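All remarks here apply to the structure that follows.
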Amino acid sequence: MEADFFIVGQGLAGTLLAFELISQKKKVIVFDDPQNTKASDVAAGLINPVVFRRMTKTALLDVAFSQMESTYQQLEDLLGEKFYFPGQILKLLNEESDLLWRNKVFANQLTDYISPNPIQPDQFEVLKSTYSIGLINKSGRIDLQNLICSFRKFLIERNLIYFEPFDYEKVAISTEYVYYKGHSAQKIIFCEGAAASKNPFFSKIQFKHSKGEVLDVTLPNVNINETVTDEVFLMPMGNDLFKVGATYSWEIQNCKTTEIGRSELLEKLKRITSVKPIVLNQLAGIRPTAHDRKPVVGLLSHCPQIGILNGLGSKGALLAPYCARLLSDVLTGNTTNIPGDINVTRYFKSI
Ligand SMILES: Cc1cc2nc3c(=O)[nH]c(=O)nc-3n(C[C@H](O)[C@H](O)[C@H](O)COP(=O)(O)OP(=O)(O)OC[C@H]3O[C@@H](n4cnc5c(N)ncnc54)[C@H](O)[C@@H]3O)c2cc1C
């Protein structure tokens, strides 16, 4: 089969890139290994515009937020389902973080996203006593699992996806084409998440992935509509169901859930509410993260038939739409410019 682009991986990155290219009337063939674990399968999909430790904007926030809203809206229109649920975050503050919040809100131009003055906690009875609560107004969650599943059906119906592990040894590259198992395309883009560490074309990228675990719990009669965050987040999913997450670990032996992860989440949840949770499910995954925690986007300058969309870290729901649009604009000739700090070429300077 002849295509314009091969895409390897149909997690969030591969899904959004395929969507952008198909919207530009390009033909894609996607290869996805169903045996491989996806970070996107476990992600809570929370969109948080603020880095609380320093009270700064999340990197790329202003460009990424508007692209995010428009991309998920377009996907909802295409697939006829709802994926984006705008909402607020309540950040529990102590005396020190309350002061930092007030000091940084104007200095760091956060007023479009958060309320300048933290509120008194009295109105939230189910929350444990806290000094004050900061309100993040522009936030929400993306139902990544439903989005990816629904887009997969779209690809299957059009015969645009193969479910198999991609075999790097079977790729042949000429100056104009990429050949793979009887198919050809102009370029191949790898969207493999943490599995990219094993990709021989990208061995120069310094990845520093982190493993994360989340819990699905019920908390009877905790009537709260906002996501609450302290050391972990508590995200309402409706009908007394909540997601609690997430842990961070950089010593990754495997992708399995652990007793330590579960205890850590439950212990930290106790600082948010004293209501006793019933644990329904525990999930683990690996966040694909570059050493500088920035996305990795673009084509290899020494071999421009090969590209990558990766390094979405813990912010995929927010950053993936912006990065996918940027890369699709490069692939379709609408721009040549990917900012240096997120461009894959930062890892290939000596070639
Ligand atoms: C516990 C946890 C909680 C998280 N919570 C949030 C959150 O609340 N908000 C947020 O924005 N982000 C969150 N994230 C991060 C988010 O999951 C990632 O940023 C995002 O999902 C990464 O998407 P991806 O497509 O790059 O990678 P993945 O989702 O891992 O997808 C990679 C895909 O490539 C396929 N693949 C890999 N290699 C091959 C190959 N050789 N051949 C064929 N297919 C291949 C895999 O099968 C998979 O389908 C969380 C992550 C974790 C682990």
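The values are calculated or read from the model by the stated rules, or taken from the named source; none is laboratory data. All values derive from a computational prediction rather than experimental measurement. So basically every Cβ, Gly included, is an ideal-geometry build from the backbone, and we count neighbours across all protein chains shown.
Figures for the structure shown
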{"item": "Per-region count, the stretch 165-187, residues at pLDDT 95 or above and of a type in the set (Asp, Glu)", "result": "2"}
{"item": "Condition check for Gly340: within 16 Å of the ligand (Cβ to nearest atom) and over 16 Å from the mean Cα position of the chain (by Cα)", "result": "no"}
{"item": "Only one of Arg287, Arg262 that is of a type in the set (Lys, Arg) and crowded, with 20+ Cβ neighbours inside 10 Å", "result": "Arg287"}
{"item": "Matching entry among Leu90, Leu75 (being modelled with pLDDT of 95 or more, more than 8 Å from the ligand (Cβ to nearest atom) and in a helix (DSSP H, G or I))", "result": "Leu75"}
{"item": "The lone exception for Phe106 - which of (1) hydrophobic (A, V, I, L, M, F, W, C); (2) farther than 30 Å from Ile22 by Cα; (3) in contact with a Leu (Cβ under 9 Å, 6 or more places away or on another chain) it fails", "result": "(3)"}
{"item": "Considering residues of the stretch 301-312 that are more than 14 Å from the ligand (Cβ to nearest atom) and in a loop (DSSP other than H, G, I, E, B) only, the residue surrounded by the fewest Cβ atoms within 10 Å (Cβ to Cβ)", "result": "His302"}
{"item": "Some residue of the stretch 118-131 being surrounded by 12 or more Cβ atoms within 10 Å (Cβ to Cβ), assigned to a helix (DSSP H, G or I) and among the polar types (S, T, N, Q)", "result": "no"}
{"item": "Considering residues of the stretch 34-56 that are over 21 Å from Ala324 (Cα atoms) and among the charged types (D, E, K, R) only, the residue surrounded by the most Cβ atoms within 10 Å (Cβ to Cβ)", "result": "Arg54"}
{"item": "Given (1) touching a strand residue (DSSP E or B) at 6+ places or on another chain (Cβ under 7 Å); (2) touching a residue at least 40 places away in the same chain (Cβ under 8 Å); (3) over 22 Å from Phe85 (Cβ atoms), number of the condition Lys294 does not satisfy", "result": "(1)"}
{"item": "Filter result (near the ligand (Cβ under 8 Å from one of its atoms), part of a loop (DSSP other than H, G, I, E, B) and either acidic (Asp, Glu) or over 30 Å from Lys27 (Cβ atoms) (or both)) within the stretch 187-219", "result": "Glu192"}
{"item": "Flag for Thr247 being touching a residue at least 60 places away in the same chain (Cβ under 8 Å), surrounded by 17 or more Cβ atoms within 10 Å (Cβ to Cβ) and of a type in the set (Val, Ile, Thr)", "result": "no"}
{"item": "The one condition in (1) in the same structural domain as Gln120 (by TED's automatic domain parsing); (2) in contact with a strand residue (DSSP E or B) (Cβ under 6 Å, 6 or more places away or on another chain); (3) within 12 Å of the ligand (Cβ to nearest atom) that Gly14 fails to fulfil", "result": "(1)"}
{"item": "Tally, over the stretch 17-39, of residues that are touching a strand residue (DSSP E or B) at 6+ places or on another chain (Cβ under 8 Å) and of a type in the set (Gly, Ala, Ser)", "result": "2"}
{"item": "Unmet requirement for Thr247, which otherwise passes all of (1) at pLDDT 95 or above; (2) away from the ligand (no atom under 12 Å from the Cβ)", "result": "(2)"}
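Conditions tested, residue by residue: (1) in contact with an Asp or Glu (Cβ under 7 Å, 6 or more places away or on another chain); (2) farther than 25 Å from Glu192 by Cα; (3) not in a loop (DSSP other than H, G, I, E, B).
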residue	(1), (2), (3)
Glu251	no, no, no
Cys255	no, no, no
Ile260	no, yes, yes
Ser263	no, yes, yes
Ser274	no, yes, no
Asn281	yes, yes, yes
Gly285	yes, no, yes
Arg293	no, no, no
Leu299	no, no, yes
